[in-house]
Amino acid sequence: MKSDLSTESRKSKEEKKVLRKQLKASHTLLKHEGVCTTPQPTKSLVIANGGLGNGVSREELTAVLQEMGEVEKLLMPPHKPYAFVTFRSEDGARKAHANLNGWKLQCGESSITLYLSYVDSVKCKEGASVPLPEGLALVEHFVSPEEEAQLLNVIDWSPTQGDVTAQKSLKHRRVKHYGFEFRYDINNVDKDKPLAAGLPDECVPILQRCVEQGHTNVLPDQLTVNQYESGQGIPPHVDTHSAFEDTILSLSLGAKTVMEFRHPDGRVAAVVLPERSLLVMKGESRYLWSHGITPRKVDMVPAEAPRADAPTEPGIQSNLTLSRRGTRTSFTFRKIRHEPCHCAFPSACDSQGAPSPSPGPSLPSCPADAARLEEEYVHRVYSTIASHFSDTRHTPWPRVCHFLSSLPSGSVLADVGCGNGKYLGVNADLVGCDRSTALVQICAARGYHAFVSDALSVPLRTASCDACISIAVIHHFSTAERRLAAVKELVRLLKPGGQALIYVWAFEQEYNKQKSKYLKQIFKEDHGEFSSTNLLSEKSQKSSGEKVSDLSCHLENSHKPSDMQGVSRVPDARLSVHTNRTAFTSQDLLVPWHLKGGKSTVPVFHRYYHVFQQGELEHLCAQVSGVKVKSSYHDQGNWCVVLHFSII
Amino acid sequence: MKLLTHNMLTSHVKGVTKGYPLLIKATEVKVNQLDFNPQFVSRMIPKLEWGALVQAAEDLGYRQDLPGELIADYEQNEEFLKKVHRVLLEVEVMEGCLKCPESGREFPITKGIPNMLLNEDDA
C-alpha cells in the first residue's frame, strides 16, 4: 500500500491525465450530489467509488482505511457509489488521501478504484426509514436451530414426491405445495382438489406456537415451501385474496434475505428476514402491499444485527453493509378461503372485482392488443418520464455520430424516434420526429427541427431522405409484424442509394466476453443519481484500459444492487419485469423506470421492450425488398445494422 | 414549425395519393433572428421542393419577392440566399394547423410543434 505513491510517480503521462480527469469528474459529480470537496486537508474524506452502491462492503473498506489511521466514523449511504470517512486526526485523513487515491480495492471478484477528496463536513441525505407496513410483524428466533434443521429435513426435493405434494421448479426458485396446490397459471388454488400430502407433522408444533402466541387464530391448511439459491427471487405479488384467508405466516430458514414490500402509492419498505424468523402478514400488509424478493446475490443490510432493546435512530441508517445471500427456504402457511373476500381493500381484491393480483400485461395476440400495449407501456411512460429521461440522455453514442458525420453535408436526414434530440445537435441537416410530444417539446426548446409522429407512419415523402437513423426505437414494437413495418417505413423514406442506421437493444448484454456497460453499471441508486454514478463508473473503467465510448446505452436507472438474474416469467404469457442492470432472461419484457424524486413514494413506470437476439435484426431487415445489410455489429449492448437501399 | 420542416412533411392519411404539400393555416407566426449561413442555405436549396416553399411563404405573407422558379447561380446571390434563409429558417409557425390537401384531415401545430399522429385506423 505504501508503494502506491511511488507507483504513481512511475505512471505514464497518459495515466496521470486519466487520473486527473477522473478526479475532476468525481468532484463535479459530487457537487451534483451536494457534497463540496475542499483542497485543504480536513479529518473527513469522501471516497468516490467506495460505496455500497458500487459493491464495496463496510468491512472491505474499513480494512484499508484502518491502515491509514484510527477511523472515527464511516458513513456509507445506501445505494450510493461513495462513502464518507472521518478519521480521529487530520493525519489519518492525509495518509489516506496520499495512499488510497487511485487504490484498487478488491471487492469479491471485481476491483474498484478509489478516489478520495477532503470534505469540510459530512452530511448526507439518507433515506428516511419507512415504517413497517400496517399489519406486518416480524418475530425473530421463532424456531430453534434444531427445529430449523428438522424442518429443512422434511422437504424431499426428489422428483418422485411430485405427484403427492405438487412440486415445481420455477425459473428462479424451487416450490413445493402441501395441502393444496397453488396454481400459478390461474393465480389460485383448486379448492376441490386437496393434495394427497397434507402438512408435514413437523409443522404442527410450530403452528400451535403461532396460535398460542396470538399470531393467528386458525390453523393453516396449506403450505408452500420455496427454496431460493443465492441470486434467486420472487416477483412482487399480493397473495390472491379469494384463495387465502387474512393471516399469512412465513418462516425463513437457512439464510436471511431482504423482502421488499410495496404500497400502490409507491412506498417501499425493505424488511430483513433473518433465518429462523417468522413473518406475519395481516390486514393492509397482506391485502394491499405487494411483497417480493429481488433476485440478487448481495443485500444491503444493517451492519450490526438490530437489537430489539436498542433504541433505533429514526431515519438514520448509518451502519449499512452488504450481506451475501445463502440458500434460504421459506415455509409459508396459509388458510384456504371458502367464501369471497370482503376485505377493506377492494382495489386489490379479486373477490371485489379487481383484476386478479398483479396480472401485468401479456404479449399481444392481435394488432389492436399490440397498439394498446405500446400505448400504455411505451408512449404513456415516455410522456410521463420525458424530462427525467432527457436528463439522462445527454451523450450521443460515438458510432452513431460517426455514421452521421460520414454523410456528405447537405444530405437530407431523418431521425425517426429522436427522443430529446440527442443527435439533432450532432448534424444540422437532421430533422427529428418522435411519438412523444413531451420529448419533441424538449427538441423544439433546443431549437431543433422536430415533429410528433409514429414510426409506423412517418409523414415524410417517400424517397426524400439521403439517410435515416432509428436509434433505440424498434425494440419498443411488440410484435414481429410491427417491427418489420417499422423497418419498412424507415426504408420507404430513403432515396435510392440511401442508408439507414438502426440500433436496437440486444438480448446479449455480454458479447465477446465483454459485459455491456448496462450490466457493468451495477448497484445504482433508484432516484436518478445514476447519471453521475455512471460517469464515475465509466471513468473508473478508463483506468482498466477499456475503450470508453459513451455514457452507455440505455441508462436505465436501476434500483437494485444486481449482479443477478432477472425475474423470471411465471408459466403464462405475462411479460416479466426486468431487474435493471441484469442479464435478460426473456426477449419480451417490462423495464422499470424510477423517476427521480429522492422519495420512496415516487411511482415506478414500466416500458415494454423486445430485446433482439444476435442475427434477428439482420433477418428482419432482409425481409424488406431493396435492402442490403451493409454492416452489422454489437455496440454497447445493442445490435446495430447499416442498411443500404437500392432500386429494386 | 419552420418552413424547412414543412417542406419535408406530407400527409400520410391512408388512401391519400396527393398529400403534398400540406396547407398551412396559421394563427400565430413568429420570426426569429438567426445567424445567416450562406453555405447551409445553398446546399439545402437543391433538396427543397421550391414551389412548395414559395407557396408556404406566400400563404404566411413572407414571400418577399421570391420567384416561382428557382433562379440559376443562387450560390453567388447573397441577397437571394438571405431571403431563402428567412423563409426557410426564421419564419416559424407557432400555432395553427396543417391540412391534408386531399382528405382535409387537419394536424394541429401547438407551441411550434406539428402533431402528425393519426389514429391507428387511419394510418
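Some points to look at:
- The simple spin-label model puts a point 7 Å past each Cα toward its Cβ; for A:E229 and B:E58 those points are separated by 7.5 nm.
- For segment A:393-421, a drop of 20 Å² or more in accessible area on going from the chain alone to the assembled protein chains (1.4 Å probe) is found at A:S409, A:G410, A:V412.
- Of the peptides A:448-454, A:623-629, the order by per-residue mean of other Cβ atoms within 10 Å, starting with the highest, comes out as A:448-454, A:623-629.
- Toward the positive end of the charge dipole of segment B:3-122, with +1 on the Cβ of Lys and Arg and -1 on the Cβ of Asp and Glu, the farthest Cα among B:N77, B:Q39, B:A56 is that of B:A56.
- When the other protein chains are added to the chain by itself, burial of at least 30 square angstrom of heavy-atom accessible area (probe 1.4 Å, ligands and nucleic acids ignored) affects these residues of segment A:436-460: A:Q441, A:H449, A:F451, A:V452, A:S457, A:P459, A:L460.
- Extending 7 Å from Cα along the Cβ direction at A:L152 and again at A:Q66 yields two label points whose distance is 2.9 nm.
- Placed amide H near A:W593: partners under 5 Å, 5+ positions off or other chain: A:F605, A:H606, A:R607
- For A:F477, the amide hydrogen comes within under 5 Å of the amide hydrogens of A:H610, counting only partners 5 or more places away or on other chains and with H modelled in the peptide plane.
- Given their separation in residues at 0.36 nm each and the Cα-Cα distance between them, A:S383 and A:E510 gain 42.7 nm when the chain is fully extended.
- Chain B - percent of accessible surface contributed by carbon and sulfur, probe 1.4 Å: 45
- Computed extension gain for A:V629 through A:D201, at 0.36 nm per residue and net of the alpha carbon distance, reaches 147.5 nm.
- The residues of segment B:82-123 occluded by other protein chains by 20 Å² or more of accessible area, set against the chain on its own, are B:K111, B:I113, B:P114, B:N115, B:M116, B:L117, B:E120; surface from heavy atoms, 1.4 Å probe.
- Using R0 = 51 Å, the C-beta based FRET efficiency linking A:D91 and A:T327 works out to 0.65.
- Within the accessible area of segment A:173-268 (1.4 Å probe), percent carbon and sulfur: 48
- Near A:D221, the amide H atoms lying under 5 Å from its own belong to A:R334, A:K335, A:I336; only residues 5 or more places off or on other chains count, and H is placed 1.01 Å from N.
- Accessible surface buried by the B/A pair amounts to about 2100 Å², both sides summed, 1.4 Å probe.
- Heavy atoms of A:D466: accessible area, 1.4 Å probe, square angstrom to 10: 40
- Ligands, DNA and RNA are left out, and with a 1.4 angstrom probe the accessible area of chain B is 49 Å² per residue.
- FRET efficiency, 1/(1 + (r/R0)^6) with R0 30 Å, evaluated for B:K111 and A:R372 via beta carbons: 0.60
- Using a Förster distance of 25 Å, the FRET efficiency for A:S362-A:E618 (Cβ separation, nearest 0.05): 0.35
- Segment A:389-451 and segment A:254-271: distance between their alpha carbon centers, rounded to Å: 40
The values are calculated or read from the model by the stated rules, or taken from the named source; none is laboratory data. Note that the structure is a prediction, hence the values are computed from the model and not measured. We place every Cβ from the backbone using ideal geometry, glycine too, and count neighbours over all the protein chains shown. Each accessible area value is taken on the protein alone, full model and side chains, heavy atoms only, with ligands, DNA and RNA left out. Shrake-Rupley method; radii C 1.70, N 1.55, O 1.52, S 1.80 Å.
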